[in-house]
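Worksheet: the structure to be examined is printed underneath.
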Amino acid sequence: MQNIQTLIEELHQKTEQIKLGGGLKKIESHKAKGKMTARERIEYLIDKETELTEFGVFAGDGMYEEDGGCPNGGVVCGIGYVSGKMCVIVSNDATVKAGAWFPITAKKNLRAQEIAMENQLPIIYLVDSAGVYLPMQAEVFPDKEHFGRIFRNNAQMSSMGIPQVAAIMGSCVAGGAYLPIMSDYALIVEGTGSVFLAGSYLVKSSIGEDVDNETLGGASTHSEISGVTDNKFPDDKSCLDEIRKIFDKMGHNPRAGFDRKAAVLPKKDPKEIYQILPADRSKPYDMVEIIERIVDNSEFDQYKKGYGQTLLCGLARIDGWAVGIVANQRKIVKSKKGEMQMGGVIYSDSADKAARFIMNCNQQKIPLVFLQDVTGFMVGSRSEHGGIIKDGAKMVNAMANSVVPKFTFIVGNSYGAGNYAMCGKAYDPRLIYSWVTGQMAVMSGASAAKTLLQIQQATLKAKGIDITTEKEQELLNTITDRYNSQLSPYYAAANLWVDGVIDPLETRKIISAGIEAANHAPITRRYNVGVIQT
């Protein structure tokens, strides 16, 4: 097993490579046109001495290799501050296939809009895209969660009163032309920005008209003739300056009212997490020690400390914000009934405790933080007779119906129904990140490989084929390697099952930014769990 420092070094190397987008040559070509890169535009736009909380960095990682790849999903997204206002920023990276939309690009853009809508944050689109990547149009264009959903969201956000500001800083073609024009403000850069439903080649082939792209849909055309855009600007910086001026005048909305006091750093050194957390995901450790290196002043007030000990529940502060924490305890514990309970497993008593704690936090308007290192629910006749499914259902119900914002971090294992109960992606956490030590699947690699091997052996035997011990081991190795590659946090991040892969020391910053974002959206829905299993 790799140690955590090695995993963090791998994270930094992969992140730096992804930040190059389409590569140095493409960046040089892009800048030769007088354009800033996608990341330079964001760095210039956001307030000085603040930083972007980026999500989806590894979107598309290792995907579409036969098409040249799509690093970062071809678009940079994050939460930042512009003129003191928190907002979501979406910046197309034209160094990646001219900013064309792959399936993962659409998924990432929809995730950005989802974050803006859930938290009622203004959103900024820095548009520089050639439109849908045509060889994959069937996977981007027609379905409910495809490209067209973006314009539906534009309309929905407008009706919700969420400000949208778009800057056309490069190509903006076909259906994609609707995105900036459905925004509240549509700005355009002279010489590089253009917006049209069909470019000059398609116009020529469709209706026989000879017209160049600038005349067809350039800055002067749309700012002075069609009125499609609001104003034109001589270069990227002056256009971005205008966005800052727009945000400077925006009013303020009511807050949700989550409690915050002055932030205090943990008393216990957060860097000690690297030593506490074993690289081997099967080894036990005390999750309390991890929590005390994340929370303010290392103070964690446990709820029902002596009951249901394989789940830790309690109140704390993170960067000043009050939070309720639900975390898997990974050390072996002994219940007061004398039962030895395995760490990382959810038992009936722990599910019962967590359900009640989650309800309390909803009652008291306290955001929830889930720290996952879970192998699943306890199995076997004793657990089944004790009603583990009933207690698990109660926990899932209480969590799924939560109206307070939820934030999830995959610290280690995230297997099967344990992923669900601990607020996996399907349960709408406002943000979900994996630590470099995380791994996500239906079950562990070893368990899955043995199960799959048994299935393959049975299939071969039914065909009258006997396999040798050597062939059996070869099959097991092949299955294990394939399955383990899908356990990787980068595999989850590539598919946007998580918003990113992080160093454990980034956890406090992400939780703080997430709750601050959530505080922009007052809770309007009553907490109601419906029928609860008792």
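Using a 1.4 Å probe over the heavy atoms of the protein chains, calculate the carbon and sulfur portion of the accessible area of the chain as a whole percent.
On the way: 12310 of 23640 Å².
So the carbon and sulfur contribution to the accessible surface is 52 percent.
At q = 0.19, 0.22, 0.23, 0.29 Å⁻¹, what is the base-10 log of I(q)/I(0) for the range 1-55 according to the Debye formula with one equal point scatterer per Cα and no solvent? Please give it to two decimals.
Listed by q, the Debye log ratios stand at -0.83, -0.95, -0.98, -1.11.
If packing is taken as the average number of other Cβ atoms within 10 Å across a peptide's residues, how do 136-142, 460-466, 309-315 rank, most packed first? Please list the in-between numbers first.
On the way: 136-142: 15.4, 460-466: 9.3, 309-315: 23.7.
Order by mean packing, descending: 309-315, 136-142, 460-466.
Any chance you could give the angle, 0 to 90 degrees and rounded to 10, that helix 469-487 forms with the longest Cα principal axis of the chain?
The helix 469-487 is inclined about 60 degrees to the chain.
What is the helix-to-structure angle for 348-363, meaning the angle in degrees between its Cα long axis and the longest Cα principal axis of the chain, kept from 0 to 90 and rounded to the nearest 10?
It works out to around 40 degrees.
In square angstrom, what is the accessible area per residue of the chain with a 1.4 angstrom probe? It would help to have the intermediate numbers written out before the result.
Values: 23640 Å² over 534 residues.
Heavy-atom accessible area per residue stands at 44 Å².
Where the convex hull is taken over the Cα atoms of the range 313-407, what is its projected area averaged over directions, in nm²? Please list the in-between numbers first.
Details: hull surface 25.4 nm².
Taking a quarter of the hull surface, the average projection is 6.3 nm².
Could you give the distance between the Cα centres of the range 178-196 and the range 381-442, to the whole Å?
Distance between centres, Cα-based: 42 Å.
So what's the Cα pair-distance distribution over the chain, bin width 10 Å, in %?
Spelled out per bin, shortest first, that is 4, 17, 26, 24, 17, 9, 4, 1, 0.
Once every Cα of the range 246-395 carries one equal point scatterer and solvent is ignored, give the base-10 log of I(q)/I(0) from the Debye formula at q = 0.08, 0.10, 0.11, 0.16 Å⁻¹, two decimals.
-0.27, -0.41, -0.49, -0.90
In 5 Å bins starting at 0, how do the alpha-carbon pair distances of the range 393-496 split up by percent?
Reading upward from the zero bin: 2, 12, 18, 18, 13, 12, 9, 8, 5, 3, 1, 0.
Could you work out the helix-only [θ] at 222 nm for the chain, with each DSSP H run of four or more residues adding -39,500 (n - 2.57) and the total divided by the number of residues, to the nearest 500 deg cm²/dmol? Can you show the working numbers first?
Details: 19 runs with 196 residues, N = 534.
Taken over the chain, the calculation gives -11000 deg cm²/dmol.
Please report the spacing between the Cα centers of the range 89-116 and the range 120-134 in Å, no decimals.
6
Considering every pair of different Cα atoms, what Kirkwood radius, in Å, is found for the range 73-154?
On the way: mean 1/r = 0.0774 Å⁻¹.
Evaluated over the range 73-154, this radius sits at 12.9 Å.
As a test of the definition: which semi-axes, in Å, follow for the range 455-505 when you take the square root of five times each eigenvalue of its alpha carbon gyration tensor? Largest first, please.
In descending order the semi-axes read 36, 12, 6 Å.
Checking the cross-link filter: which aspartates and glutamates have an alpha carbon closer than 13 Å to that of residue 353, excluding same-chain neighbours under 8 positions apart?
Once the sequence-local aspartates and glutamates are set aside, what remains near residue 353 is 391.
In nanometres, what is the gap between the two model label sites at residue 220 and residue 29, each 7 Å from Cα along Cα-to-Cβ?
2.8
The values are calculated or read from the model by the stated rules, or taken from the named source; none is laboratory data. Since the model is a prediction, treat every value here as computed from it, not as a measurement. Glycine gets a Cβ as well: all are built from the backbone with ideal geometry, and neighbour counts include every protein chain shown. These accessible areas exclude ligands, DNA and RNA; they are computed on the full protein's heavy atoms, side chains included. Shrake-Rupley method; radii C 1.70, N 1.55, O 1.52, S 1.80 Å.
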